[in-house]
Structures are given as structure tokens and as C-alpha cells.
Amino acid sequence: MPEEGPMQPTLKDLATVKRGTEHLMRVDLVLRSIINSIGPVRLEFEGGHFHALVVSIIFQQIAGKAADAIYRRFITLFPNSTPDPENLLRTPDEAIRATGVSPQKTVYLKDLAERVVDGRLNLRELTKLPDQEVVRMLDEVRGIGRWTAQMFLIFNLGRTDVLPVDDLGLRKAVREAYKLRTLPSVEKLRRMAKPWHPYCSLATIYLWRSGRTAVPARRKD
């Protein structure tokens, strides 16, 4: 069954992105300069929710090329190279580990699949839930933490108002853009971001790009 559409405006809607960009340019002169310099951002969203979470677990704490190689071997275990919860649960742990996935991450992947299969984690329902409830539910999955959940909100659900205050790339970009002497603390970043609401996700994406920080495509919890 296809995943249900969002129940609120998201960054997948070009009109929402336009409104958010105009809002940020109006309330923050630094962001206005960044937006004028970078131009319109082309946002790309990850596909199926389960697949995205599987990728996030596999890529944790591994350099890009090595993670890519492991992932390419891992998906060959599944029909059409698309893992689904039922097939993942039926796949022996030994076969998963043979692709380069660590024993710990194998446990994480199986925990994710079990939760989806037994209904504790209803991925279709996530599109209907508030941001904090999505974070809470994903945080219960072994190997998925708050940062991963926030990236899921931005890059899968397209939520407009996510501020990943613990993200080092964002903090470095803010220090550079706003000419700060040190990295902003979590509280300082939250104060600075007050005018950005309800488009903190869009502000974050522009700041990542302004700081020459690659927009995170993989997770790091």
C-alpha cells in the first residue's frame, strides 16, 4: 500500500518553499544575503520510509564510499534490490553480516523491521503526526536517535520547521554566516532561530549550503 500524503504544507510543495523563502528573506538579513547568493534550492526527498531508515542505520559512522559499498552488497539480498520488513526479518543474520553490516547494526535493522511488522511503528501514520511525536516514535527504534529522526522529518516528510540544534555542520555554518567567534550553543541557536519559524528546515538547508557543508544524505546517530 502506498504511503499516505502529508496532512499539512510541506517542503515538497513548491508554493510552500516559495513562501518560506520569502519569509526568511524578510525576517533575517543574513539569510537574505545567503538566499540571494545561492538562489532557489532544489530539494530532493528520499523515497520509501522503511528504505530510508534502513539506509540511515547502514550509513551510521561510516565513511561515504565504504558505506556505499556495504549498502550495494546489502540490497542484493532482496528482490528488486528493495528491502521490505518481512523479507528483512526472514534474512538470516549471517547473510546480512556477510555484506559488511556489523552485528550491532544487524540487530538495529531487525528491530526496525520487527516494529514495522508487528505494528508498533506504523510508517504510513507518521505523515499525520506532529514532529515531536514522529521523533519520539523513531527514537524508540534501536540505532535511531533524535538527529536521525530530525533528518527523516526534513528529507522524507518534508516538514517545514525542524531545527537540528545538535548538528555540527549547522552550528559551523551559523558561526561563519553570522560572524560569531565561537560555535553557538544550543540555546543561542534556538534564540537566533526564533524569527525563522515556521520555516526552520528551509533556513537550515540554506545555512548548510552556505557553509559548504554537504546537506546530510545519511544519518549519524
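Tabulated values for the structure
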quantity: Test for GLY158: is it at positive phi, within 16 Å of the chain's Cα centre (by Cα) and in contact (Cβ under 8 Å) with a residue 12 or more places away in the chain; calculated: yes
quantity: Criterion violated by LEU53 - all others in (1) outside the structural domain of GLN104 (by TED's automatic domain parsing); (2) in contact (Cβ under 8 Å) with a residue 40 or more places away in the chain; (3) among the aliphatic types (A, V, I, L, M) satisfied; calculated: (1)
quantity: Tally, over the range 26-47, of residues that are among the small types (Gly, Ala, Ser) and in contact with a helix residue (DSSP H, G or I) (Cβ under 8 Å, 6 or more places away or on another chain); calculated: 1
quantity: Wholly enclosed helices (runs of 4 or more DSSP H) of the range 42-92 bearing at least 2 residues closer than 21 Å to GLU114 by Cβ and of a type in the set (Gly, Ala, Ser); calculated: 49-58
quantity: Matching entry among LEU163, LEU88, LEU123 (being modelled with pLDDT under 95 and either on the phi < 0 side of the Ramachandran plot or not polar (S, T, N, Q) (or both)); calculated: LEU123
quantity: Residue match in the range 63-74 (condition: free of Cβ contacts under 8 Å to residues at least 40 places away in the same chain, on the phi > 0 side of the Ramachandran plot and either charged (D, E, K, R) or surrounded by fewer than 17 Cβ atoms within 10 Å (Cβ to Cβ) (or both)); calculated: no
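The values are calculated or read from the model by the stated rules, or taken from the named source; none is laboratory data. It should be emphasised that the depicted structure is a prediction, and the values quoted were computed from it without experimental measurement. Every residue, glycine as well, gets a Cβ built from its backbone with ideal geometry; the counts of neighbours run over all protein chains shown.
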